[in-house]
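Q: First, the structure itself, so that you have it in front of you.
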2 protein chains.
Amino acid sequence: MKGLGELERSIMDILWAENAPLTAREVGRMIEDRDLAPTTVMTVLDRLSRKGFLTRTRDGRAWRYQPAASRDAYVAELMLEALEMTGDRDAALTRFAQAVSGSEAEILRKALTELEEE
Amino acid sequence: MKGLGELERSIMDILWAENAPLTAREVGRMIEDRDLAPTTVMTVLDRLSRKGFLTRTRDGRAWRYQPAASRDAYVAELMLEALEMTGDRDAALTRFAQAVSGSEAEILRKALTELEEE
DNA sequence: GGGGTAGTACTACGTCCCGTAGAGAGGTGA
DNA sequence: TCACCTCTCTACGGGACGTAGTACTACCCC
C-alpha cells in the first residue's frame with residue numbers, strides 16, 4: 001500500500017469524518033484554512049481515487065468521493081504492514097504489546113478474548 | 001520518524017541481522033546481488049546515520065555502523081505511529097486484533113497477560 | 001618511496017511522489 | 001449569450017532516494 005502525503009491525509013480525514021460522499025467543492029470548503037485552489041483539491045481527490053483510497057460516483061457533472069475503507073481498517077492495515085517487515089513477528093508483537101498504554105492494552109485484551117470465544 | 005527506502009531497508013536488514021558493527025565494505029560485500037558501487041553503500045550508510053537509524057564509531061580510518069535500535073523496536077514504533085493517526089484508537093486496535101492470525105493473537109495475549117502480572 | 005588500495009567527504013543527477021495550480025473544454029442557468 | 005461550475009490534462013518546484021563520480025588522504029607492499 002502506498003502512503004499518504006500531508007494534504008492527502010487531511011482530505012482523507014475530512015472524508016472519513018463525514019458519512020456522506022462529498023464533492024470536490026464541498027471538501028474544498030472544509031479546508032478553508034489552507035486557501036487552496038479548487039483544482040488542487042480536485043487533483044488530490046483524483047489521485048486518491050487512483051490510488052484506491054476513494055471511490056467516486058457521478059452526481060450530475062460532479063463527482064462525489066467517499067473512502068474505500070474506514071480509517072480503522074486503514075490504520076490496522078498499516079500496522080500489519082509494519083509487522084510484515086520484521087523477521088521475528090513474535091518479538092515485534094511482544095514489544096508492541098508492552099508499548100501500548102494500559103487502557104489500550106485492556107482494549108486489545110478484550111478484543112482478543114472475544115476472538116477466542118468465537 | 002522518517003521512512004526507509006528500499007535500498008535503505010536492505011541495508012538495515014543486513015545490519016539488524018548481524019550482531020557486530022560493520023564497515024561499508026563489509027556491508028557492500030553482503031549485497032553482491034545488486035552490484036552497487038562502494039560509494040553508493042557509503043552514501044546510504046551515511047544517510048541512515050544522519051537519520052538516526054545507525055550509529056557509527058571509528059575503526060582506524062573506517063567507520064563501523066550498527067543499528068541505533070533493534071528491528072523489533074523499529075517495527076513496534078511504526079505500528080504505534082500508525083495507531084497515532086486515527087481518532088479512534090480503540091476501534092483501530094480492535095480491528096487489528098481481529099486481523100492478526102491465530103498464533104499471533106496467542107503471542108499478543110501472552111504478552112498482555114505478562115504485563116498484567118507485573 | 002612510489003604505486004596500488006581502501007576509505008572518506010562532497011557533489012551530482014535522474015526519478016518518483018506530492019503540493020500546488022493553470023489552461024482549456026463543455027455543460028448550465030440567468 | 002455570458003458568467004460560472006466542474007472536469008480533465010498538463011506542469012512545475014521541492015524533497016527523498018537510488019546511484020555514483022571525484023578528489024583527497026592514509027596505509028601496505030615491493
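Each value in this text was obtained by applying a stated rule to the coordinates, not by laboratory testing. Note that the structure is predicted; figures quoted are calculated from it, not measured. Virtual Cβ from ideal backbone geometry, glycine too; neighbours counted across all protein chains shown.
Q: Explain nothing, just the number: relative contact order of chain A, from Cα pairs under 8 Å at least 6 residues apart, as a whole percent. Before the final figure, lay out the partial values.
A: On the way: 75 pairs, mean separation 23.7, N = 118.
Reported as a whole number, the value is 20 percent.
Q: Stokes-Einstein D for the stretch A:71-117 at 10 °C, 1.306 mPa s, Kirkwood Rh over Cα pairs, in µm²/s?
A: Working: Rh = 11.7 Å.
Once the numbers are plugged in, D ends up at 135 µm²/s.
Q: Residues of A:65-71, mean number of Cβ from any other protein chain within 10 Å of their own Cβ, rounded to a whole number? Before the final figure, lay out each step's value.
A: Details: counts 0, 0, 0, 0, 0, 5, 7.
Per residue, the number of nearby Cβ atoms from other chains is 2 on average.
Q: Starting from the Cα gyration tensor of the protein assembly as shown, take the square roots of the eigenvalues, sort them a ≥ b ≥ c, and report rounded, prolate or oblate (rounded when a/c is under 1.5, otherwise prolate if a/b is larger than b/c, else oblate). Please report the intermediate quantities before stating the final value.
A: Numbers: a/c = 2.66, a/b = 1.33, b/c = 2.01.
Since a/c reaches 1.5 but b/c is at least a/b, the shape of the protein assembly as shown is classed as oblate.
Q: What are the ³J(HN,Hα) values, in whole Hz, obtained from phi via the Karplus relation 6.51 cos²θ - 1.76 cosθ + 1.60 with θ = phi - 60°, for each residue of the stretch B:19-28 in sequence order, with x given for Gly and Pro?
A: These are the phi-based 3J(HN,Hα) values: 8, 9, x, 10, 8, 4, 4, 5, 4, x Hz.
Q: Under a cut-off of 21 Å between alpha-carbon atoms, report the lysines in cross-link reach of residue B:51, not counting same-chain residues fewer than 8 places apart.
A: Residue B:51 reaches B:2.
Q: For a quick protection proxy, order the peptides A:105-118, B:69-82, A:42-55 by their average other-Cβ count within 10 Å, most packed first.
A: Details: A:105-118: 14.9, B:69-82: 19.5, A:42-55: 17.6.
Packing proxy ranking, top to bottom: B:69-82, A:42-55, A:105-118.
Q: Using the Karplus curve 6.51 cos²θ - 1.76 cosθ + 1.60 with θ = phi - 60°, what ³J(HN,Hα) values do you get for each residue of the stretch A:30-38, in whole Hz, with x for Gly and Pro?
A: 8, 10, 3, 4, 9, 6, 8, 5, x
Q: Need the list of lysines near residue A:110 for cross-linking: C-alpha distance under 28 angstrom, and skip anything on the same chain fewer than eight residues off.
A: B:110
Q: Let me ask something else about it. With unit charges on the beta carbons (Lys and Arg positive, Asp and Glu negative) and the dipole taken about the Cα centre of chain A, which residue among A:39, A:70, A:87 sits farthest to the positive side?
A: Farthest towards the positive end: A:39.
Q: Distance in nm between label sites at residue A:2 and residue B:113, each 7 Å beyond Cα in the beta-carbon direction?
A: 4.4 nm
Q: Compute the Kirkwood hydrodynamic radius of chain B, taking the inverse of the mean of 1/r over all pairs of distinct Cα atoms, and give it in Å to one decimal. Intermediate values should be presented prior to the final figure.
A: Numbers: mean 1/r = 0.0601 Å⁻¹.
Kirkwood radius, chain B: 16.6 Å.
Q: Further question on the same structure: For n ≥ 4 DSSP H runs only, could you compute -39500 (n - 2.57) per run for chain A, divide by its residues and tell me the 222 nm figure to the nearest 500?
A: On the way: 6 runs with 72 residues, N = 118.
Mean residue ellipticity, 222 nm, calculated: -19000 deg cm²/dmol.
Q: Roughly how many debye, to the nearest 20, is the charge dipole of the stretch A:67-118 about its Cα centre, given +1 on each Lys and Arg Cβ, -1 on each Asp and Glu Cβ, and no other charges?
A: Dipole of the stretch A:67-118, to the nearest 20 debye: 240 debye.
Q: For residue B:39 paired with residue A:18, estimate the spin-label separation in nm (one decimal), with each label point 7 Å from Cα along the Cα-to-Cβ line.
A: Computed distance between label sites residue B:39 and residue A:18 equals 5.1 nm.
Q: Go through the stretch A:43-50 residue by residue and turn each phi into a ³J(HN,Hα) via Karplus (6.51, -1.76, 1.60, θ = phi - 60°); whole Hz please, and just put x for glycine and proline.
A: Using θ = phi - 60°, the values come out as 4, 5, 4, 4, 4, 5, 6, 4 Hz.
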